[in-house]
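For reference, the structure discussed in these notes is given below.
The values are calculated or read from the model by the stated rules, or taken from the named source; none is laboratory data. Predicted model only: the values in this text are computed from it and were never measured. Every residue, glycine among them, receives a Cβ derived from its backbone with ideal geometry; neighbour counts consider all protein chains shown. When the accessible area is computed, the model is the full protein with side chains, heavy atoms only, and any ligands, DNA or RNA have been set aside. Shrake-Rupley method; radii C 1.70, N 1.55, O 1.52, S 1.80 Å.
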Amino acid sequence: MKEESRPRPVFDPGISGDDRAVLAAAPERLVAACLPAPPRPRLRPATVAARLVWIPAFAFFYGVLPGGWLRVFFLASLDGDELVGGAARWGRLPVAAMMLTPAVQVLLLLLGQTEAAAVLAAASFTGWAAGALRHVREPAAARAAREHHGSYLLPGDFDRPAARLLVRAQRAIDAVLGSQAHGAGLLDDVGNAVVLPRQEWAVAAALAEHTRLRRERRAQQPERLSPAVRAMLEPQDRALELSVRSVTRRIEALEAYARRADEADDAYHESLVLQDLPEQNARYRELLASTVGDEMAGAEIRGMAEDAHRAERALRERVTSALRAGHELRLPAE
């Protein structure tokens, strides 16, 4: 499928904003709705045994022993750049903890505070063990991709006819949301931000169902069926055709809405030009007065002022009408 006819992933508006952001940031984790859902990760006995050894050793080295100092000194002896990247990747708080905890423990032991040193070591060990457990659990993107499977649609869920229609809808939606009129609040910006994603999902869901039905029909190999059986399937074909026409009309309505938003953009641009017109006229009149002879200047300036006044009045009426139409823009009913 060519890039220009390849739709972007579409997410069900019912997915929470946080999960939608996680999914959008990790497209490689997403699985097309036409494919089986990704399985829940299973731990093998060897993996469990390895973690039972690795996690306590990790927490003991960094949380109790002066592992942070040893690591820094070792890396510093190899490469200064690696020192910065290797130590800082844990984050400021873990780095500070693994550097300061051993020193505080030694200080407490020198002061005879053995119990306090033991409590600090236990707390540090627990914190690093908890951090290691968080690191080895299922990534948030993988969990969201599994739990919301079927609530997002990928290019693989659409055949060529469906993909072309979805791209048209997405371009129309992008045109509206990216218009100057929308950004300036001349359109129903709140409604567009809520309704247009719903429209995109509704169109995508219908097109994905069309794709599934067409794939099922091809798998039935109609050329191998008898005329009587093909006749029995004709009502299904007509129903699919009617649904495709309905979705196409909805997409055409979105495209018409995008064209009206473009017209509102032109009107908004004209209104910005109109705002500066009086000041520009004054500058041009001053220019004319300073460069034309006195006898000519009077007539030229008066004629220019009259022309500017007429143009300004006509343009103001045109912009007012266009902006009124922009305020009245509403997305066609579903």
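When segment 209-235 is filtered for residues that are open to solvent by less than 80 Å² (accessible area, probe 1.4 Å) and polar (S, T, N, Q), the ones remaining, listed by number, are THR211, GLN221, SER226. The combined condition, being assigned to a helix (DSSP H, G or I), among the basic types (Lys, Arg), open to solvent by 50 Å² or more (accessible area, probe 1.4 Å) and over 24 Å from GLN199 (Cβ atoms), is fulfilled by ARG238. Residue count for segment 1-12 satisfying the condition of being of a type in the set (A, V, I, L, M) and either modelled with pLDDT under 90 or farther than 14 Å from PRO197 by Cβ (or both): 1.
Put simply, of ALA206, ALA172, ALA193 the only residue that is surrounded by 14 or more Cβ atoms within 10 Å (Cβ to Cβ) and either within 19 Å of ASP262 (Cα to Cα) or of a type in the set (Val, Ile, Thr) (or both) is ALA172. Which ones in segment 138-153 are in a loop (DSSP other than H, G, I, E, B), touching a Lys or Arg at 6+ places or on another chain (Cβ under 9 Å) and closer than 27 Å to GLN199 by Cβ? Selection gives HIS148 alone.
For segment 29-44, a tally of residues being buried (at least 16 other Cβ atoms within 10 Å of the Cβ) and part of a loop (DSSP other than H, G, I, E, B) returns 4.
All told, ALA142 falls short of being surrounded by fewer than 13 Cβ atoms within 10 Å (Cβ to Cβ) and within 20 Å of ARG51 (Cβ to Cβ). For LEU196, are the conditions met, namely being in contact with a helix residue (DSSP H, G or I) (Cβ under 6 Å, 6 or more places away or on another chain), in contact (Cβ under 8 Å) with a residue 12 or more places away in the chain and either of a type in the set (Lys, Arg) or in a helix (DSSP H, G or I) (or both)? Spelling it out, LEU196 is indeed in contact with a helix residue (DSSP H, G or I) (Cβ under 6 Å, 6 or more places away or on another chain), in contact (Cβ under 8 Å) with a residue 12 or more places away in the chain and either of a type in the set (Lys, Arg) or in a helix (DSSP H, G or I) (or both).
For every residue, the table says whether it meets (1) at pLDDT 70 or above; (2) open to solvent by less than 60 Å² (accessible area, probe 1.4 Å).
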site: GLY14; (1), (2): yes, no
site: GLY17; (1), (2): yes, yes
site: TRP69; (1), (2): no, no
site: GLU82; (1), (2): no, no
